[in-house]
Amino acid sequence: MDEVDVLVIGAGVVGLACARALALQGRAVVIVEAAGQFGSGTSSRNSEVVHAGLYYEPGSLKARLCVRGREMLYDYCAARGVAAQRCGKLLVATRAADVAQLEPIRRRAAACGVHDLQPLDGAALRALEPELQAVAALWSPSSGIVDSHGLMAALLGDAEQAGALFAVASPFAGARREGGRWIVRTGNHNDSEPFELAARWLVNSAGLQAQAVAARMQGFAAAAIPRRHLAKGHYFGFSGRAPFRHLIYPMPVDGGLGVHLTLDLGGQARFGPDVEWLPDTTDDDDAALDYAVDPARLPAFEAEIRRYWPALPAGSLQPAYSGIRPKLSGPGAPAADFHIAGPAQHGAAGVVQLFGIESPGLTASLAIGEQVAEIVAAAEG
């Protein structure tokens, strides 16, 4: 039986960053992905925003890994020729009642290590974005956008150059502990041949499937698998060219950051996501998750957008795409932190579990990979 040092389960941006970090340590790494290509799940269904780190609890993994990951990401993209741009972001208060929320956000961001936020009044906002209607804002010059597909391609290329192997259409079917290692089975998918291999370590970066993957690890305690909550976010595209040069964000809402305006690297605008809480499903039901964007959501989108852009032209929005976030907190609950746990936390040998890797997972991906590699190295002494 073939044996490797680490099996990474899931080839989204976080799984690829973990595989790269582990392979660069000189470890023999195999990446298995259920789909027929890398990054086709949550990693390809987001805003492609590089977050500065404004919203998270000081000291949390989200705060620490976002702030470190942001700078790692910009540096990596510059070194590897991946398109990224620090276009900056405006967090806007459209009503006088919202202005009081800006200072606590600024203080929290500073406690997380974000020290470049600048308060702006209405006149300064109009000078920066004449079409924007708001009474005050926070300007975040470190926020930006990135080509997520190009980033993932570069991470995979680095991992493979360091010796990692990538197996597509290879869903994780289960693993059992035997002789100080994991014996791993993959299932049939798209006519691929199932295979078995031994791995000293498993890294579960399966995103939406992380809980189901953990449950297939024989002997891993069910109590150590946190409950999953699913939040669907819809996006609408904008026809024409929007008159904005920066990202525009309203005040945060339950489960998300509000219907915001983001730009792609060509300057094209899109709006979203909103938040639609979905009933949780079993693993078998996930194939039936609906990613369609209901056109009936358009009036609510237009109403939200016109709070900060009253001149939004009628009929200019079209359904674009949606994504589903694997959250660890449900409706009305405080936002949960990332859950990244190795043997020291959960007690099971040879496993690193990653649960609830939602936003800012893209921004934090390189820092998450670094942390996972450190967990493995520390456990091996």
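Where in segment 1-111 are there helices (runs of 4 or more DSSP H), lying fully within it, with 1 or more residues that are assigned by TED's automatic domain parsing to the domain that holds Ala162 and over 13 Å from the mean Cα position of the chain (by Cα)? Write out each step before concluding.
On the way: elements: 13-24, 61-80, 102-111.
Where helices (runs of 4 or more DSSP H) fall fully within segment 1-111 and carry at least 1 residues being assigned by TED's automatic domain parsing to the domain that holds Ala162 and over 13 Å from the mean Cα position of the chain (by Cα), they are 13-24.
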_When you scan segment 157-167, do you find a residue that is in a loop (DSSP other than H, G, I, E, B), of a type in the set (D, E, K, R) and in contact with a Lys or Arg (Cβ under 9 Å, 6 or more places away or on another chain), even just one?_
no
_Whether any residue in segment 278-293 is modelled with pLDDT under 95, polar (S, T, N, Q) and at negative phi is what I want to check._
yes
*What do you reckon, is Phe236 among the aromatic types (Phe, Trp, Tyr), within 20 Å of the chain's Cα centre (by Cα) and surrounded by 17 or more Cβ atoms within 10 Å (Cβ to Cβ)?*
yes
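Conditions tested, residue by residue: (1) in contact with a Gly (Cβ under 7 Å, 6 or more places away or on another chain); (2) in the same structural domain as His260 (by TED's automatic domain parsing); (3) hydrophobic (A, V, I, L, M, F, W, C).
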position	(1), (2), (3)
Leu312	no, yes, yes
Gly315	no, yes, no
Gln345	no, no, no
Ile357	yes, no, yes
Leu362	no, no, yes
*From the list Gly113, Gly180, which residue is touching a helix residue (DSSP H, G or I) at 6+ places or on another chain (Cβ under 6 Å) and on the phi > 0 side of the Ramachandran plot?*
Gly113
*Does Asp280 fit the bill of being farther than 30 Å from Ile183 by Cβ and under 22 Å from the mean Cα position of the chain (by Cα)?*
no
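In the list Val352, Val376, which residue meets the criterion of being within 26 Å of Ala287 (Cα to Cα) and buried (at least 19 other Cβ atoms within 10 Å of the Cβ)?
Working: Val376 fails: within 26 Å of Ala287 (Cα to Cα).
The match here is Val352.
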*In segment 112-156, what residues are without any contact (Cβ under 8 Å) to a residue 24 or more places away in the chain and not in a helix (DSSP H, G or I)?*
His115, Gln118, Pro119, Asp121
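The values are calculated or read from the model by the stated rules, or taken from the named source; none is laboratory data. Treat the numbers as computed from the prediction; the structure is a model and nothing was measured. Virtual Cβ from ideal backbone geometry, glycine too; neighbours counted across all protein chains shown.
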